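Q: Supplied in structure tokens, the structure appears directly below.
Just so you know, all these numbers are worked out from the coordinates, no wet-lab data involved. Worth saying up front: this structure is predicted, and the values here are computed from it rather than measured. Here the Cβ positions follow ideal geometry from the backbone for every residue, glycine too, while neighbour counts run over all protein chains shown.
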């Protein structure tokens, strides 16, 4: 998908609140923690995001997601097994879910412990 240059700087996908249906999604699979991993592409600007969703059904409010920008030259090299470490190398990513109760920017390797 080509980027829409009019929306690159101020695209809604860069905001903490975003609308899920504004993305196309390609499922990559699960990692050793059984997290669901996908690459989402913004329909407005064409940015690629790595989406990491983890939940442990044995623990109430353990659901969490992490979403980080993938540099264009690395989109094809992201894998489900390496997703958590990939996010940990980014300067920042967004995170939220029932575990956190809010959406915020974070850095470092994402937590998957209940």
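Q: The list (1) 0.99; (2) 0.93; (3) 0.95 gives values of Rg/Rh (Cα atoms, Kirkwood Rh), and only one came from this structure; which label was calculated from it?
A: (3)
Q: In what order do 49, 92 fall by count of nearby beta-carbon atoms within 10 Å, going from fewest to most?
A: The most exposed by this proxy come first: 92, 49.
Q: In addition: Full extension from residue 22 to residue 85: what is 0.36 nm times the residue separation minus their Cα-Cα distance, to one decimal in nm?
A: 20.1 nm
Q: Ok, one more. What does the helix-only formula give at 222 nm for the chain: each DSSP H stretch with n ≥ 4 adding -39500 (n - 2.57), the total divided by the residues, and the result rounded to the nearest 500 deg cm²/dmol?
A: -1500 deg cm²/dmol
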